[in-house]
Amino acid sequence: MIRKSIIFSFLLLGVGISLAAQQAWSLEDCIQHAMENNIQIKQSVLNTEYNENLLKQSKMGQIPSLSGSANYTYSWGRALDQTTYRYTDNQQINSIGAGLSSSTNLFNGLRVRNTILQNELNLMASYEDVQKVRNDITLNIAAAYLTIMFNRELLSVTESQLEITGQQVERTRKMVDAGKLARGNFLDLQAQYASEELNLVNAENQLAISLLNLQQILDLPIDTAFDVEIPELADPDEDPLVVNAMDVYRIAEQDMPEIKSAMLNLESAEKGVAIAKGGRSPQLYLSANFSTGYSDIREQVISTSDPIQVPIGITAGGETVYTMNPQEIPEYGAYPFFEQMRDNTSTGVGLGLSIPIFNGWQINSSIANARIMQKNAQLELQSQKLGLYATIQQAYADALAALKKFNATQKALTSMEESFKYTEKKFEVGLVNTVDYNISKNQLISTQSDLLQAKYDFIFRTNILNFYQGEPITL
């Protein structure tokens, strides 16, 4: 037993040196680290960037579109000579075309405008979703942090009780050796000591698990030297001021991001209905185009011969009749590329109107689906409000229950400590057997554990209530 105690002491010393080598984390350090490194938060931020791009794209949709085109064609065989407008045979042709086209919507049932408004609402909702994730992470960290503090105090209580039992074991052994007590008392105490050693191991394991849980929430690599600061927390007052749950809810309903997000999503769904209804409106659009081209078989007139009169008949008197207008005979030559591209330009502007008459019931189906999404958004808002109220009500009820338990357990612990001292003195003089001694001691340990649990439960629940009132979580 002594060897085990020495080994255990060296283990605790080694753990203490390891913990001292690394700076302990405060609650504020943990929350700050999570805000900067948590993967869920990063994913939510990426979702806001995605929505920012959607909003930017919808705004750019108001600008007229512009597209260019270019093509090259090589053909052979029978072809139309664009110069003479006569067909040629076995002609090899190289041609190039280029153009620009532009179009813009002048009116389409305000669908573009409503899409922009919807994307703005979606972006604002995604900002609130990021804050909701941050709030959830903050509460999870606070709960894990307080669990570590509770387990550390419970470990301290267990170590203290084990030390008391060890002293009783040594005292009883001496009394048994002196013949003042039966050996059975010594064996019973040894069994109690072994049971409390197991309790100590369990307490150490619980503390290690709670530290591991906090590291996982923080996305930290697992490190046995990780530790947290343990601030001094005062015991709850006998009758502290606990704000009414309904008052907390009225504040939280205005400030909590999950409510704001649900309200923005409802407005977005209403814009979705307006967008779907816009499909019934006529669409008016403006278009413009510019094009030019080149062909290597095209030629241009480079000169004309002297005009000649072509005979067209003979009169009754035998005179020849000629055309009224003499004809000039053109001579063709090469048509340079850039001159063709300049001369072949074509420009046009158009105004179009599209009136939906029947498209397979698609517009009506879109409107019906948009209204379903609107109703679903209304139900989601109602669900978020009910969930928030239930959470606050539960925190309020748990805080009151924890306070009552703490006050009652504190009184019970005072009586239990006096009772144990009395039982311990009677045991030392042989007036109480080991069974009664162990029962009294176990009751004391259980009461101490209950008091710690009620204390930390009350602290956590009151922090939740304060958090929903807009106050940061602090210890």
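The values are calculated or read from the model by the stated rules, or taken from the named source; none is laboratory data. Remember, it's a predicted structure, so these values are computed and weren't measured experimentally. With ideal geometry, Cβ positions are generated from the backbone for all residues, glycine too; neighbour counts draw on all protein chains shown. With ligands, DNA and RNA removed, areas are computed over all heavy atoms of the protein, side chains included. Shrake-Rupley method; radii C 1.70, N 1.55, O 1.52, S 1.80 Å.
A compact table of results
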{"read-out": "Single residue of LEU187, LEU198, LEU211 found to be closer than 26 Å to ILE164 by Cβ, assigned to a helix (DSSP H, G or I) and either modelled with pLDDT of 90 or more or basic (Lys, Arg) (or both)", "value": "LEU198"}
{"read-out": "Segment 413-441 residues that are over 17 Å from SER195 (Cβ atoms) and open to solvent by 40 Å² or more (accessible area, probe 1.4 Å), paired with ones that are part of a helix (DSSP H, G or I) and charged (D, E, K, R) (beta carbon under 7 Å, 6 or more apart)", "value": "GLU428/ARG171"}
{"read-out": "Near pairs, Cβ below 9 angstrom, 6+ apart or cross-chain, from segment 445-472 (small (Gly, Ala, Ser)) to any residue that is buried (at least 19 other Cβ atoms within 10 Å of the Cβ) and outside any helix (DSSP H, G or I)", "value": "ALA454/PRO236"}
{"read-out": "Of all residues making up segment 85-122, the number that are open to solvent by less than 20 Å² (accessible area, probe 1.4 Å), in contact with a helix residue (DSSP H, G or I) (Cβ under 8 Å, 6 or more places away or on another chain) and of a type in the set (A, V, I, L, M, F, W, C)", "value": "2"}
{"read-out": "Extreme residue, modelled with the lowest pLDDT, among residues of segment 274-324 that are exposed (fewer than 15 other Cβ atoms within 10 Å of the Cβ), of a type in the set (Gly, Ala, Ser) and in a strand (DSSP E or B)", "value": "GLY313"}
{"read-out": "Total residues in segment 363-404, condition at pLDDT below 90 and open to solvent by 60 Å² or more (accessible area, probe 1.4 Å)", "value": "1"}
{"read-out": "Residue in segment 127-143 that is touching a residue at least 12 places away in the same chain (Cβ under 8 Å) and either in contact with a strand residue (DSSP E or B) (Cβ under 7 Å, 6 or more places away or on another chain) or more than 30 Å from GLN216 (Cα to Cα) (or both) present", "value": "no"}
{"read-out": "Test for ALA334: is it over 52 Å from the mean Cα position of the chain (by Cα) and aliphatic (A, V, I, L, M)", "value": "yes"}
{"read-out": "Residue among LEU19, LEU12 that is at pLDDT below 90, in contact with an Asp or Glu (Cβ under 8 Å, 6 or more places away or on another chain) and part of a helix (DSSP H, G or I)", "value": "LEU19"}
{"read-out": "Those residues of segment 427-457 which are of a type in the set (Gly, Ala, Ser), farther than 30 Å from TYR145 by Cβ and assigned to a helix (DSSP H, G or I), in sequence order", "value": "SER440"}
{"read-out": "Selection count, segment 50-73, where residues are surrounded by 11 or more Cβ atoms within 10 Å (Cβ to Cβ) and assigned to a helix (DSSP H, G or I)", "value": "10"}
